[in-house]
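Okay, so here's the structure we're looking at.
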Amino acid sequence: MISLTNTMTKTIKNICCIGAGYVGGPTMAVIAQKCPEIKVHVVDINESRVAAWNDPNVEHIPIYEPGLSEIVAETRDRNLFFSTKVDEAIDQADIIFISVNTPTKTYGIGKGMAADLKFIELCARQIARVAKTDKIIVEKSTLPVRTAEALKDILHNTGNGVNFQILSNPEFLAEGTAIDDLLDPDRILIGGDTHTAEGQAAMQTLVDVYAHWVPKAQILTTNVWSSELSKLTANAFLAQRISSINAMSEICEKTGANVDEVARAIGMDSRIGSKFLKSSVGFGGSCFQKDILNLVYISKSLGLQEVADYWEQVIILNDHQKLRFAKNIVKTLYNTVSGKQIAMLGWAFKKDTNDTRESAAIYVSDYLLSEQADVIVYDPKVKTEQIYADLEYLGHHDSETIRQRVKVVKTAKEACQNAHAIAVMTEWDEFKSLDWKSIYDDMYKPAFVFDGRRILDQTSMEALGFNVNIIGN
Ligand SMILES: NC(=O)c1ccc[n+]([C@@H]2O[C@H](COP(=O)([O-])OP(=O)(O)OC[C@H]3O[C@@H](n4cnc5c(N)ncnc54)[C@H](O)[C@@H]3O)[C@@H](O)[C@H]2O)c1
């Protein structure tokens, strides 16, 4: 790691964060809580999202994360502000975090693989246009390695004499545990221009912000390219572990082995470790797939075909896991689900978040709709319109069909009433303690349950009469 020698840091009074999403909102709320002397302005062009962040009832803020509402209640309008006034916030800021979305490109060169950097570029151009004083620009979004160079190009060609230092500070929080992850991070990574005194001073300035609550030993400083690449690498390794255990789950199903027993046995090997070995219906979320596709694209662009193929397999296996789960439902229900009611328990891509991006539930439901099933969804935190929007986005079924065949209800019990089968799609804690006996009584018989999260106990569910299919058993 780089040791910073230049300590001529700047006193930070104002921070601006462009992007009030799953990263920008929680991250800035924690910075505001831990640095009460700094004013933190989170700005976004999405007016309804900003309005929701400013909702007087903090339970209505747009992002659900355990512990987030409490921090927003403490800091909002004290030193944390949400607004759509992007220019104003840029103008006042000493440090500007760019935390906008970087989705997979859906058009042109790199379509379906490369990260779409148009939102990042728009931010850079806006900063270049507005800034009148020197600023530290922090890449918080996950970006392809060497994006900082493009940002530098745009910012340094403004001709207005403003000096910009560009840092990479990728975010490693996991949704569902974002606040714990932010309050007690495994590490903070800051990449910058290590060769110049100005670069080192900028890095030290950002180190000082985090040092309000993170032990210095956990704040790593590197060159900017290592920092950018580390984030893609971390997500690739995490997703690879899930695909690895999911690949074993299929072998378990065919051989009588139990994937949790295998995970436990290998996890006790300290070289392997026990975390992230939970088999499921496949990973979702906005990051893993997009970041690996981006890594595949970068590898291909560098002429590294074997490297690209290696990482692409993680995605192929994940898609396979979702598809085989959906196909197994149809096969088990005597090869037809037409006109049958399937209850989907959970829609979020994991528990304790309302984020549904790339959730397996979307793909499984889409498949079941193609097989003419009626799908009844219950999720404790996801809004009805989001569920319809997710299915419409795939473009396989028209809006009318979706609204006819998919119903969203307010309780798990309601979803399961008169169902032929239940699919557990999200591991929400409440699903473990449902009154499964009365749910069984209300279902068509034989009553099937497909557990894509391994939260149900096979023996006790079978004792109630269920026909139980657990992924990896
Ligand atoms: N979600 C995660 O768990 C997570 C974790 C680590 C890193 N990341 C990365 O962080 C970045 C942001 O992710 P997210 O989940 O917060 O995305 P998000 O879609 O929830 O939020 C992004 C926000 O940026 C806003 N925005 C886009 N362009 C803008 C502009 N020009 N001016 C102002 N606002 C603009 C959008 O309106 C949106 O509200 C991505 O690069 C992602 O890969 C995400």
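Coordinate-derived values only; no laboratory data. Predicted, not measured: the structure shown is a model, and the values here were computed from it. A quick note on method: Cβ atoms are made from the backbone with ideal geometry, for glycine too, and the neighbour counts reach across all protein chains shown.
Listed values, structure above:
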{"item": "D_trans [Stokes-Einstein, Kirkwood Rh over alpha-carbon pairs] for the chain, 4 °C, 1.567 mPa s, µm² s⁻¹", "result": "54 µm²/s"}
{"item": "Electrostatic dipole magnitude of the chain [Cβ: Lys, Arg +1; Asp, Glu -1; Cα centre; debye, to 20]", "result": "440 debye"}
{"item": "Ser399-Tyr444 pseudo-label distance in nm [points 7 Å out on the Cα-to-Cβ vector]", "result": "3.0 nm"}
{"item": "Loop-resident sites, the stretch 124-209, for trypsin sites (Lys or Arg not before Pro), counting at most 16 other Cβ within 10 Å (DSSP)", "result": "Lys132, Arg146, Arg187"}
{"item": "Spatially proximal aspartates and glutamates relative to Lys132 (Cα-Cα < 16 Å; intrachain offsets below 8 disregarded)", "result": "Asp87, Glu88, Asp91, Asp94"}
{"item": "In degrees, nearest ten, helix 224-255 long axis to first principal axis of the chain (Cα)", "result": "10 degrees"}
{"item": "Efficiency of FRET between Leu122 and Asp429 - r from beta-carbon atoms, R0 41 angstrom, step 0.05", "result": "0.55"}
{"item": "Distance between modelled label sites at Thr332 and Lys254, nm, 7 Å Cα→Cβ extension", "result": "1.9 nm"}
{"item": "Net charge over other residues, Cβ less than 13 angstrom from the Cβ of Val207 (K, R count +1; D, E count -1)", "result": "+2"}
{"item": "Structure-based [θ]222 nm, the chain - -39500 (n - 2.57) summed over DSSP H runs of at least 4, per residue, nearest 500", "result": "-13500 deg cm²/dmol"}
{"item": "Lysine pairs with alpha-carbon atoms under 14 Å apart, the stretch 325-426, spacing 8 or more or separate chains", "result": "7"}
{"item": "Label point distance in nm, Asn54-Ala265, each placed 7 Å from Cα along Cα→Cβ", "result": "5.9 nm"}
{"item": "Tensor-based shape of the stretch 229-345 (alpha-carbon gyration tensor, a/c under 1.5 rounded, otherwise prolate or oblate)", "result": "oblate"}
{"item": "Qualifying trypsin sites (Lys or Arg not before Pro) for the stretch 300-407 [loop in DSSP, other Cβ within 10 Å: at most 15]", "result": "Lys383"}
{"item": "Charge context of Lys413, other residues only, Cβ under 12 angstrom, K/R +1, D/E -1", "result": "-3"}
{"item": "Rounded if a/c under 1.5, otherwise prolate or oblate - the stretch 1-66, Cα gyration tensor axes", "result": "prolate"}
{"item": "Ranked packing of 60-67, 445-452, 18-25, 107-114, most packed first, by mean Cβ within 10 Å", "result": "18-25, 445-452, 60-67, 107-114"}
{"item": "Distance from the stretch 193-261 to the stretch 380-404 (C-alpha centre basis), Å", "result": "33 Å"}
{"item": "Euclidean distance between Cα centres, the stretch 154-169 to the stretch 32-69, Å", "result": "28 Å"}
{"item": "Three-way shape call for the stretch 77-184 based on the alpha-carbon gyration tensor, with the a/c threshold at 1.5", "result": "oblate"}
